[in-house]
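Reading through the structure tokens given below for one structure.
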Amino acid sequence: KISSVKFIKSAIPFIIFTLLSVLLYYKTLHAPFILDDNGYITTNYKIRNLSTLIIDFSGTRYIGFLTFAINYYFGGLNTYGYHIVNILIHILNTSLVYLLVKITIDRFRIQNPEFRIQDLKLKTLNYLPFIVSLIFLVHPIQTQAVSYITQRFTSLATLFYLLALVVYGTVAK
């Protein structure tokens, strides 16, 4: 049973990731479609019929196109929703980086019980998952993946890669 104080304390990094992502990328919310967005979204009539896309698994990048179709279903060609989804994916990716680093450190501690943070005076090791995640979140290399709508393909690939690592790190002994 988890106490409410412990739950709130464990949620703080994720709240910070969300607030910082919104702060960093809110100006992109009304950015227009650019470059490949036209071919993949504005003139792509396959994404305009969600029911057809759900049963048609042919082609590549199915999940990416499915997310575009869901965006189109709810907002048409209004870029606001597309940008919101990209920001949400970035927040999820940042959270997965946090969990991956945390799992890695916890696994290291379990496999090396003689390792003591107090002995090495490395208190920052406890903050390492948060620091690494913040670097991932604010790094300029992420700008294109978040602000350029079609780069959702890249963000989704990262999402599934990180998710696989986190799940594996959680269940593997």
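Remarks
- Here the stretch 1-13 is the region considered, the condition is being aliphatic (A, V, I, L, M) and surrounded by 10 or more Cβ atoms within 10 Å (Cβ to Cβ), and the residue that is farthest from VAL101 (Cα to Cα) is ILE8.
- Pick from the stretch 56-114, criterion of a type in the set (D, E, K, R) and in contact with a helix residue (DSSP H, G or I) (Cβ under 7 Å, 6 or more places away or on another chain), ranking: modelled with the highest pLDDT: LYS102
- For the stretch 139-165, filtering for residues that are open to solvent by less than 50 Å² (accessible area, probe 1.4 Å) and under 13 Å from the mean Cα position of the chain (by Cα) leaves 11.
- Residues of the stretch 68-84 that turn out to be surrounded by 20 or more Cβ atoms within 10 Å (Cβ to Cβ) and under 18 Å from VAL146 (Cβ atoms), as a count: 5
- Residue in the stretch 124-138 that is farther than 16 Å from THR94 by Cα and open to solvent by 50 Å² or more (accessible area, probe 1.4 Å) present: yes
- Scanning the stretch 14-54 for residues that are in a helix (DSSP H, G or I) and of a type in the set (S, T, N, Q), we see that the one that is surrounded by the most Cβ atoms within 10 Å (Cβ to Cβ) is SER21.
The values are calculated or read from the model by the stated rules, or taken from the named source; none is laboratory data. Quick caveat: nothing in here was measured; it's all calculated off a predicted structure. Methodologically, a virtual Cβ is constructed for each residue, glycine included, from the backbone with ideal geometry; neighbour enumeration extends over all protein chains shown. Each accessible area value is taken on the protein alone, full model and side chains, heavy atoms only, with ligands, DNA and RNA left out. Shrake-Rupley method; radii C 1.70, N 1.55, O 1.52, S 1.80 Å.
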